Amino acid sequence: MKTRSLLASFTLAVAALSATAFANAPEGWTTDLDKALAQAKTEKKCVLVEFTGSDWCPPCIAMRKNVFSKKEFVTAASKKYILVELDFPKGDKELAEKNQPLAMKYQIEGFPTVILLTPEGKEFTRFFASQYPKIDDFLKHLDAALEKKELD
């Protein structure tokens, strides 16, 4: 009986650690949109906000693994954007609830959605991140969106 209870405790601990691991933004990303906007004004950069379900959404998990967590992407994108991840994990209800008002404000209808904001917080484009599953394609799309914004 002790073995079964010990095994159950171990299983719960591993599950809790796994959920926590998913809840953390990749290196080079922040989870605070207000601070990101303040930083964007100071650095004269735009803001890239990714709305994700990091522990349940297959396209979100793939984008994090193949694009958002890669140093090559973070280094290149950070030259022009402050990177923000707003996560809605099933394993961290508190975090999902904390981010819910922003999902409502920006009328998010699916994941992974990316919204690009000016340093003043004005949205200039949005798209599903999974449309650009490779680093090069994603970076080209970001550059094109910035060029289009500057022409408007």
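Structure summary
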read-out: Percent antiparallel among DSSP beta bridges (both partners in the stretch 24-151, rounded to 5); value: 55
read-out: Residue order, fewest to most surrounding Cβ atoms within 10 angstrom, among K98, K93, K45; value: K93, K98, K45
read-out: Gain on full stretching of the segment that runs from T75 to D137 - 0.36 nm per residue minus C-alpha separation; value: 20.8 nm
read-out: Nitroxide proxy distance, nm - points 7 Å out along Cα→Cβ at E97 and E43; value: 3.2
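Values quoted throughout were computed directly from the atomic coordinates according to the rules given, and no laboratory measurement underlies them. Note that this is a predicted model, so its numbers are computed, not measured. Backbone-built Cβ (ideal geometry, glycine too); neighbour counts: all protein chains shown.
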